[in-house]
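See structure below.
The values are calculated or read from the model by the stated rules, or taken from the named source; none is laboratory data. The shown structure was predicted, so the numbers you read here are calculated from the model rather than taken from an experiment. In this analysis, Cβ positions are derived from the backbone assuming ideal geometry, glycine residues included, and neighbour counts consider all displayed protein chains.
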Amino acid sequence: MASIFPRDTSAYDLKGRLNGCVAYHANAKAPAYGYDPHAAPGVMFTLFFVISMLVHLFQTVVSPKWGYLTFAIGALASCFFSAAIYYILCQLIKTYGRRYSLLPPKLCLIIFCPADVIYIFAQAIGGSMAAKAASQSPPGDFNTGTHVMLGGIYFQLVSMSIFCVLWLLFLFRARKVPYSRIHALTTSFATACIMVRNVYRAVELCQGWTGYLITHEVYFCVLDGGLMALATLIMNFFHPSRCAGE
């Protein structure tokens, strides 16, 4: 992997950074993504996810299933959003029968939720290691922390891929069951959004902190924030409790 941050931080193109979101500048202050993020996307995403969280919270209160609270949490912390998807599969298995699933509902949660916890810890530990290296003078080696973070992303990507197989297998086996097709489609769409986002984040970090994806804001807005916004929005409009008739 290439060097994460430039070692020479003595020069700083202030004018270039004040002109808005620019391509990576080799002399930008470390740590930096090489551009100044635009305020508008940040404000819009913040407002959107807060509103979505409040709507999900209301939908959970009026629903008999408190497991859907993970949607509200996931609106602000995307790593928890996948837990809500796991919960949906568990509810479908309980409702329509164990025979349609390779795993019992409780085992699904026992396997996949801890996998997300491992991912969260890997991101936290790796991020703190990279931040500690960045604070040194001169900057230390960022690769160890980055590899820990990347390992966490890979782990979640594999875990989510296995879940997708189980999800599709359930839908195939239960294809003659009169469950809500809208429910299945919206959950599949949200799952696809999470998967594409995970792939993007893996490729982004593989390129390093000075790679093309991480130094161009548009990819973050579309493939990270944008995809999670679509996933949370579709679950607001087609909440599982309402679509499943609970």
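For the stretch 213-244, which residues satisfy the criterion of being within 16 Å of the chain's Cα centre (by Cα) and under 15 Å from residue 81 (Cβ atoms)?
224, 225, 226, 227, 228, 229, 230, 231, 232, 233, 234, 235
If you take the residues in the stretch 58-88 that are assigned to a loop (DSSP other than H, G, I, E, B) and of a type outside the set (Val, Ile, Thr), which one is nearest to residue 119 (Cα to Cα)?
77
Checking residue 200 against (1) outside any loop (DSSP other than H, G, I, E, B); (2) over 15 Å from residue 78 (Cα atoms), only one condition comes out false. Which one?
(2)
This table checks each residue for (1) over 30 Å from residue 65 (Cα atoms); (2) without any contact (Cβ under 8 Å) to a residue 24 or more places away in the chain; (3) part of a helix (DSSP H, G or I).
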| position | (1), (2), (3) |
| --- | --- |
| 191 | no, no, yes |
| 195 | no, no, yes |
| 204 | yes, yes, yes |
| 208 | yes, no, no |
| 215 | yes, no, no |
| 222 | yes, yes, yes |
| 236 | no, no, yes |
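Considering only residues that are over 14 Å from residue 197 (Cα atoms) and of a type in the set (A, V, I, L, M, F, W, C), which ones fall in the stretch 156-173?
Selection gives 162, 163, 164, 165, 166, 167, 168, 169, 170, 171, 172.
Which one of 135, 159 is modelled with pLDDT of 90 or more and among the hydroxyl-bearing types (Ser, Thr, Tyr)?
159
For the stretch 170-189: of the residues being among the β-branched types (Val, Ile, Thr) and part of a helix (DSSP H, G or I), which is nearest to residue 119 (Cα to Cα)?
Among those residues, the one meeting the criterion is 187.
Which number in (1) farther than 23 Å from residue 167 by Cα; (2) in contact with a Leu (Cβ under 9 Å, 6 or more places away or on another chain); (3) surrounded by 15 or more Cβ atoms within 10 Å (Cβ to Cβ) marks the one condition that residue 50 misses?
(3)
Being closer than 29 Å to residue 209 by Cβ and touching a residue at least 40 places away in the same chain (Cβ under 8 Å) is the filter here, so list the residues in the stretch 93-132 that pass it.
Selection gives 115, 116, 119, 120, 123, 130, 131.
What number of residues within the stretch 127-169 are in contact with a helix residue (DSSP H, G or I) (Cβ under 7 Å, 6 or more places away or on another chain), surrounded by fewer than 21 Cβ atoms within 10 Å (Cβ to Cβ) and in a loop (DSSP other than H, G, I, E, B)?
Number of matching residues: 3.
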